[in-house]
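What follows is a single structure, written as structure tokens, with notes after it.
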Amino acid sequence: SGSESGSNSSSGSGSSSSGSSSDSSSDSDGSSSSCNSSSNDDCNSSDSDSEDQNDRQRTQAKRPKIAAEERMIKTIDYSRSNEHIQGPKLNVLGKKQSKSVSEVYETGKDEIDQEEEVTQTSKNVPTLTAAELRKILSADDNGCDISSNWVRRSTRQPFRSAVSAPNVRALVKKLEKNDQDMVVLKCKKYLSDPDTPSVIVDAMLDALEKNTNCQALYIQNFNEGMRDEQVLHLFRILQLPSCRIWCLNIGETYNVKKRTWGQFTNGLKKTKITHMYASEHTISGAMKEKIRETIRINRRKHNMHIDPDNLDVIVQCTHCWWNPINARVLRPYVKQRGLEHILFDKVAQGAKDVVTDSSNI
């Protein structure tokens, strides 16, 4: 009985040990399977992430092409809608000019490629420096077949080339050199056109500013050339100490403002003008009376208008409100020189009630 119990106990313990071993083996199998399944999940998740990233890259790479295709599709739809509205275009033979969708697609694709090429080429074009630009421009100027006498015309002074006319150049030269013909300057002798532009009058006045022998100035009937600026320029010349002009005819000057005439009238007291004429319909009656009063006062400043030695100049000073040859102190000298007929010649003196030819003044 004792042996049986020992055997039973040993068998029981053996069975229990086998049971425990089997449980441990099953646990190890479970744990290993769970490890394998988790590693598989991790691998699968990493593979899916890489695939998503590749998909995003492929999508970004396709975006420009997709945008281009969308633009071409819109172009095709627009052309179809226009064809539906306007009707198909006809060629010379009367057949329809139509393109398939694929042709339009290929054409649009070619245009996009060309635009990209042009853009890329423009980026590679070098920028010219200032020195290179000056070199190119100088080469263009030297390459033109133009004579050395060519003068660039000014858009602000379209008549500038007229200053080089022979008659204008002769007048300017004589004024600057104090020629004897300039003592009594009758501008109509050199500038006969009443539409003489202001640029020529300016050239004459610039030369007159340097002159010191002119005593009588006849600058009448320049309706286009004598404007406010020119009248004020002449006014400044008359006020110069070196200016000897004492007889002035500035009639038929219609394009001068009343304010300019006012400045001229008020400033005459600072000049040597003793005999003058201005058109009554260009100045007011009050201005005329003030001018005449001023020039009477100016006759006290000098004796050029009554000097017997200056009679050759005095007899040429006609067509004024009061001609200097009519001065009482000069009559004996006029008679002595045999010039009495001038005293009674209304045409020669330019009397107010006699119609005369202004070109002969």
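Numbers at a glance
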| item | result |
| --- | --- |
| Identity of the residue in segment 141-171, among the hydrophobic types (A, V, I, L, M, F, W, C) and open to solvent by 50 Å² or more (accessible area, probe 1.4 Å), that ends up modelled with the lowest pLDDT | ILE146 |
| All positions within segment 264-285 that are among the polar types (S, T, N, Q) and within 18 Å of ILE297 (Cα to Cα) | THR265, ASN266, THR271, THR274 |
| Qualifying positions in segment 275-305 - within 18 Å of TYR333 (Cβ to Cβ) and out of contact with any Ser or Thr (no Cβ under 9 Å at 6 or more places or on another chain) | HIS275, ASN303 |
| Residue, farthest from ASN298 (Cα to Cα), within segment 226-256, restricted to residues that are modelled with pLDDT of 95 or more, surrounded by 20 or more Cβ atoms within 10 Å (Cβ to Cβ) and not hydrophobic (A, V, I, L, M, F, W, C) | GLN230 |
| Meets criteria (under 24 Å from GLU252 (Cα atoms), assigned to a loop (DSSP other than H, G, I, E, B) and either touching a helix residue (DSSP H, G or I) at 6+ places or on another chain (Cβ under 7 Å) or open to solvent by 80 Å² or more (accessible area, probe 1.4 Å) (or both)) for ILE273 | yes |
| Test result for LYS290, in contact with a Phe, Trp or Tyr (Cβ under 9 Å, 6 or more places away or on another chain), at pLDDT 95 or above and of a type outside the set (Ser, Thr, Tyr) | no |
| Residue match in segment 339-359 (condition: within 17 Å of CYS247 (Cβ to Cβ), touching a His at 6+ places or on another chain (Cβ under 6 Å), modelled with pLDDT under 95 and assigned to a loop (DSSP other than H, G, I, E, B)) | yes |
| In segment 293-313, residue least open to solvent (accessible area, probe 1.4 Å) [restricted to those that are assigned to a loop (DSSP other than H, G, I, E, B) and of a type in the set (A, V, I, L, M, F, W, C)] | MET304 |
| Close pairs from segment 247-276: first among the aromatic types (Phe, Trp, Tyr), partner open to solvent by 20 Å² or more (accessible area, probe 1.4 Å), Cβ under 7 Å, at least 6 apart | TYR254/ASN223; TYR254/THR282; TRP261/MET287; PHE264/PHE235 |
| Boolean, LYS290 is under 46 Å from the mean Cα position of the chain (by Cα), open to solvent by 10 Å² or more (accessible area, probe 1.4 Å) and closer than 21 Å to ASP179 by Cβ | no |
| GLY267 in a loop (DSSP other than H, G, I, E, B) and among the small types (Gly, Ala, Ser) | no |
| Selection count where residues are under 20 Å from ILE273 (Cβ atoms), open to solvent by 20 Å² or more (accessible area, probe 1.4 Å) and touching a Gly at 6+ places or on another chain (Cβ under 8 Å), scope segment 172-225 | 1 |
| Residue match in segment 314-327 (condition: under 19 Å from LEU185 (Cα atoms), part of a helix (DSSP H, G or I) and open to solvent by 50 Å² or more (accessible area, probe 1.4 Å)) | no |
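The values are calculated or read from the model by the stated rules, or taken from the named source; none is laboratory data. This one's a predicted model, so the numbers in the text were calculated from it and none came from an experiment. All Cβ positions, even for glycine, are placed from backbone atoms using ideal geometry, and neighbour counts span all protein chains on display. Ligands, DNA and RNA are stripped out before the accessible areas are found, and what is left, the full protein with its side chains, is counted by its heavy atoms. Shrake-Rupley method; radii C 1.70, N 1.55, O 1.52, S 1.80 Å.
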